[in-house]
Amino acid sequence: MTFDYRVLTPETDEAFNDTVGRTFRYAEGYWETFRRRIGPENVRTVSCNGRVVGGLGIYRPGQWFGGRELPCAGVAAVGISPENRGGGVAEFLMRSLLEELHAEGTPVATLFASTQRLYRKVGFEHAGSRYGYSLPMTAIGVRDEELPVTEVSLESSKPFEAIAMKRALATNGNLQRTPGLWERLLQHADGHQAGYVIGDYENPEGYLINRYDVDHEGTGHLHIRDMAALTPAAGRRLWSFLAVHRSTIPWVHWYGPAVDPLLCLTAECKSEQTEVLRWMTRIVDVPQAFSSRGYPADVSGELHLDVHDDVLPANHGRFVLAVAEGRGTVVPGGRGDLRADVRGLAPLFSGFLPPQTLRAIGCLDGDAATLQLASRLLAGPEPWMPEIF
C-alpha cells in the first residue's frame, strides 16, 4: 500500500471530517469549530491509494519548561478509519509529522494519548500529568474577603492571560495558549459558564473560570475549567468565593497537579481524585529543546548525552549540554556519559521523573555522578497542565 501525508485541502476536507468524526464521534457541527480553532493549515491527512483514511490536528502553543517558553506542537484528533487500523497507517502519520516538525525547527511535541503503544513506538513518553479533583463545599472552611472578585466577560481571554503566564513561569508544562485554545477553554457548549478575576481589576492576583451543571439526580455541581492564585490572599479569596455556593451546590470539581498547593489553604483536605491523566512529550529536536528550556540559575555543569533515535537521525548521537546562569547550550560530541533512548529524554527534560528513577525503569543509563548532575540541572516544579486538547 502507498501512503501519502499532506496538508488539508478543500478537496479532502469532507473526507477528513467523515474519517476523524467517526473515530471520535463528534457532535454535529463540531468539526467546523475544531477546524477554525486549530486552523485548516494545521490539519494533516493521510491517504492510502488516493483515499483519505486518517489525519490529525496540530495546535501551535508554547510550552513552559524551566521558566522559558518553547514552541510546541500540541497534537490532537489523531484518527484512522476503523477498516485501516493495524496496518501501519498511524505510525506512518506520526513519523511524517515528526519529520515535518523537525524540519521546521519545532523542539517538542505534546499530546494526550488514547493508546500509549503507538506513541512510544515513535519516541513519546510520559512527561506530565493532569489530575481531576472533587471537594465537598463543606470542607473548604475559608472566609476571607480581603480582595474583590469581579465577573468578567468570556468573550476575550485578556483578563486571564497575564496571570496564566505568571503561573506558567513558576511551573513546568503549562501551555502558552493559542487563541483557539483560549476559546476552547472559555466557550463551553452549554453556555452556563462564568469568569472572574481576583484582586484589583487592572492588576489581578488570580482568576477563576467555572461552569455549573446538574446531574441526573438533580444535584448541582460547580466545575472549575481553570483557576489560578498568584498570592496567598488570592488563594484564600478564591476558596472563600467558592464556599458561598455551598447552600445549593455540594461539590466543586477542578483539574490540577498531582500535589495541588491550593489544597493547603482549605480547612480540610478531603478531596477525592476523580481522574489521572498523563500527557506524553516527544523531544523532536534534541539540541534545540535542551538549549531553549530554562535551568536553575545557581547550578552549572556539562551533561554528556548519548541519544538513540531511530525516527529522526539528526537526534541520534552524542551531544554536550553546558548549563550556566540559567541557560543551556548544546553542541555535538562529548563522552556520552548519559545514555538514553529519545523516549527516556522526555520525562527527564520535563522533570516528570528523576534520572535515578528513569534508570531503574530502563529509560536511560549512567553512573551515579552523571545521574546526580542531571538531577541538579533539570530540577524544577512538577510538570502539569489544567486542560486536555
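Annotations
- Annotation: of all residues in the range 75-94 being farther than 19 Å from VAL311 by Cβ and part of a strand (DSSP E or B), the one that is farthest from the chain's Cα centre (by Cα) is GLY79.
- Within the range 323-336, the set of residues being in contact with an Asp or Glu (Cβ under 8 Å, 6 or more places away or on another chain) and crowded, with 18+ Cβ neighbours inside 10 Å comprises VAL323, GLY334.
- Odd one out for CYS269 among (1) outside the structural domain of THR231 (by TED's automatic domain parsing); (2) assigned to a loop (DSSP other than H, G, I, E, B); (3) in contact (Cβ under 8 Å) with a residue 24 or more places away in the chain; (4) surrounded by fewer than 16 Cβ atoms within 10 Å (Cβ to Cβ): (1)
- Test: GLY235 is free of Cβ contacts under 8 Å to residues at least 60 places away in the same chain and over 17 Å from ASP213 (Cα atoms): yes
- ARG22 passes every criterion in (1) basic (Lys, Arg); (2) at pLDDT 95 or above; (3) over 19 Å from the mean Cα position of the chain (by Cα); (4) in a helix (DSSP H, G or I) apart from (2).
- Summed over the range 39-70, residues that are more than 26 Å from MET1 (Cα to Cα) and touching a strand residue (DSSP E or B) at 6+ places or on another chain (Cβ under 6 Å) total 7.
- Conditions (1) assigned by TED's automatic domain parsing to the domain that holds ILE224; (2) closer than 22 Å to THR23 by Cα; (3) acidic (Asp, Glu): number failed by GLU183: (2)
- Considered as a group, the residues in the range 338-379 that are more than 23 Å from the chain's Cα centre (by Cα), surrounded by fewer than 17 Cβ atoms within 10 Å (Cβ to Cβ) and of a type in the set (S, T, N, Q) include one that is farthest from LEU111 (Cα to Cα), and that residue is GLN372.
- Selection over the range 97-146 of residues that are part of a strand (DSSP E or B), closer than 30 Å to ARG246 by Cβ and of a type outside the set (Ser, Thr, Tyr) gives a count of 4.
- Pairs with Cβ under 8 Å, 6+ apart, first in the range 85-99 and on the phi < 0 side of the Ramachandran plot, second surrounded by fewer than 15 Cβ atoms within 10 Å (Cβ to Cβ) and outside any helix (DSSP H, G or I): GLY87/MET1
- The range 299-320, subset assigned to a strand (DSSP E or B) and touching a Pro at 6+ places or on another chain (Cβ under 9 Å), residue farthest from ASP367 (Cα to Cα): GLY317
- Search result, residues across the range 67-90 that are of a type outside the set (A, V, I, L, M) and farther than 24 Å from THR106 by Cα: SER81, PRO82, GLU83, ASN84, ARG85, GLY86, GLY87, GLY88
- ARG35 being farther than 30 Å from SER292 by Cβ, charged (D, E, K, R) and part of a helix (DSSP H, G or I): no
- Qualifying residue in the range 129-142 (condition: polar (S, T, N, Q), surrounded by 14 or more Cβ atoms within 10 Å (Cβ to Cβ), at pLDDT 95 or above and more than 14 Å from the chain's Cα centre (by Cα)): yes
The values are calculated or read from the model by the stated rules, or taken from the named source; none is laboratory data. It should be emphasised that the depicted structure is a prediction, and the values quoted were computed from it without experimental measurement. When we count neighbours, we look across all protein chains shown, and the Cβ atoms used for this are built from the backbone with ideal geometry, even at glycine.
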